Amino acid sequence: MPFIKEILKHKSLSIVGMHKNTGKTECLNYILGRLPRTLKTAVTSIGVDGESVDQVFGTSKPEIFLNEGMFFCTSEKHYAARRLVSEICEINPFRTSLGRTVTAKVIYSGTVLLSGPSSTAELDQWMSGLGKFGIGLTIVDGALSRMSSASPAVSESMILTTGAALSSNLQTLISKTEFAVELIRLKECSQDEKTVLKNLESGIWTVDYENVPHKLEAKSSFVANDLSADEIKKAKTVYVTGALTDSFLKKIRLCSGKTKIVVRDFTRCFITPYEYRAFILAGGKIEVLRRTDLLAICVNPVSPSGFSFNSDMLSSELGSRVGLPVYDLRKC
């Protein structure tokens, strides 16, 4: 089956949607239904996933189906509403707006709503604690369009879903997806830089040529005007712990074109292709502390409003642009 063998080479996987209704849950069910039954698998979501009806369009959606022996993490509220038989393995030490999160094992298969850890630190903590259950693969359900403090980039590998719901213009859809792929593939910084940067929790930092970090007065990249041109010019690296914005990229480019910027992961990049390319052309670099291996792209050629693309054309054109296998799972 497409990309299943590639998934089995990794300990963790995230399924990330470019937009709602791009086939993320269908992709998740496709994978869950084809994994070896002998592989202990755990699943969670960084938002709420598995609703049977789209809250915006009122259209039906696939529910998340879990087989016997699988583990899952969800909120107390959604655990109570599950339509499967399970046993609680652990009450996790973190909460969501829907209550505490519960890790459970499926006894008799069925459907469930997933609403798991709400921050990257909590997601990391949950994944790290799965060793005691003998979990061989952890799957995280996420979305680029979702405003969440939990990042799907904590996983080793990723499947990206896109489709007609993102844009009704084929070239716009392909361009947006291509840029997302470019950000996902940003180079990971060196181990020496990780050692210096990984424990810096907030704000904007510069690292000098002696590998010493210095915290800047600017609290975030949203206040780029507070940056000192002299500080930027003296820096070997600029580290942004939060979001990376267009205005910040432009300010850095104008201060010193060949500066290297490091962000935690690709989900922190809230930048446009124009400013990104201008920064790169000026000699700048953007790297990440944590990079995930993008395995494939899945497409949903039909939008919830009924508009659709030719599936073969969409898959072929997108695949040639990004250099990755592209699948319409309904045709696999």
At least 18 Å along the helix axis (C-alpha) and Kyte average at least 0.0, DSSP helices within the chain: 170-184
Pull out the extension gain between Ile91 and Phe270, defined as 0.36 nm times the separation in residues minus the alpha carbon to alpha carbon distance; nm, one decimal. 61.0 nm
Hull surface divided by four, with the convex hull built on the Cα atoms of the stretch 191-288: how many nm²? 5.4
Sites Ala278 and Arg321 - FRET efficiency at Förster radius 25 Å, r taken between beta-carbons, to 0.05: 0.75
Nearest 5 is fine: what % of DSSP beta bridges in the chain come out antiparallel, could you say? 40
Difference of contour (0.36 nm per residue) and Cα-Cα distance, Ala243 to Leu39: 69.8 nm
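Antiparallel as a % of all DSSP beta bridges within the stretch 52-200, to the nearest 5? Show your work: numbers first, answer last.
Details: 18 of 19 bridges.
Roughly 95 percent of the DSSP beta bridges within the stretch 52-200 come out antiparallel.
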For the residue pair Ile4 and Glu217, what label-to-label distance in nm results when each label sits 7 Å from Cα along the Cα-to-beta-carbon direction? 6.0
Could you pull out every residue, at least 5 positions away or on a different chain, whose amide H is within less than 5 Å of the one on Leu13? Hs are placed 1.01 Å off N in the peptide plane, and Pro or chain starts have none. Thr138, Ile139, Val140, Glu156, Ser157
With 10 angstrom as the radius, rank Ile15, Ile280 by how many other C-beta atoms surround their C-beta, starting from the fewest. Ile280, Ile15
Suppose the chain between Leu254 and Asn310 were pulled fully straight at 0.36 nm per residue; how much longer would it get relative to their current alpha carbon spacing? 15.8 nm
Size descriptor, Kirkwood hydrodynamic radius, that averages inverse alpha-carbon separations across the chain, Å: 21.0
In deg cm²/dmol, rounded to 500, what helix-only [θ] at 222 nm does the chain give when every DSSP H run of at least 4 residues adds -39500 (n - 2.57) and the total is split over its residues? -7000 deg cm²/dmol
For Ser119, Ser12, what ranking results if the residue with the fewest other Cβ atoms within 10 Å of its Cβ goes first? Ser119, Ser12
For the stretch 191-288, what proportion of DSSP beta bridges, expressed in % and rounded to the nearest 5, is antiparallel? 40
How many angstrom lie between the C-alpha centres of the stretch 252-279 and the stretch 132-205? 16
Counting other beta carbons within 10 Å of each Cβ, put Cys255, Cys332 in order, fewest first. Cys332, Cys255
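Taken together, the values in this text are just the output of simple stated rules run on the coordinates, not laboratory data. Values in this document were obtained by computation on a predicted structure and should not be read as measured data. We place every Cβ from the backbone using ideal geometry, glycine too, and count neighbours over all the protein chains shown.
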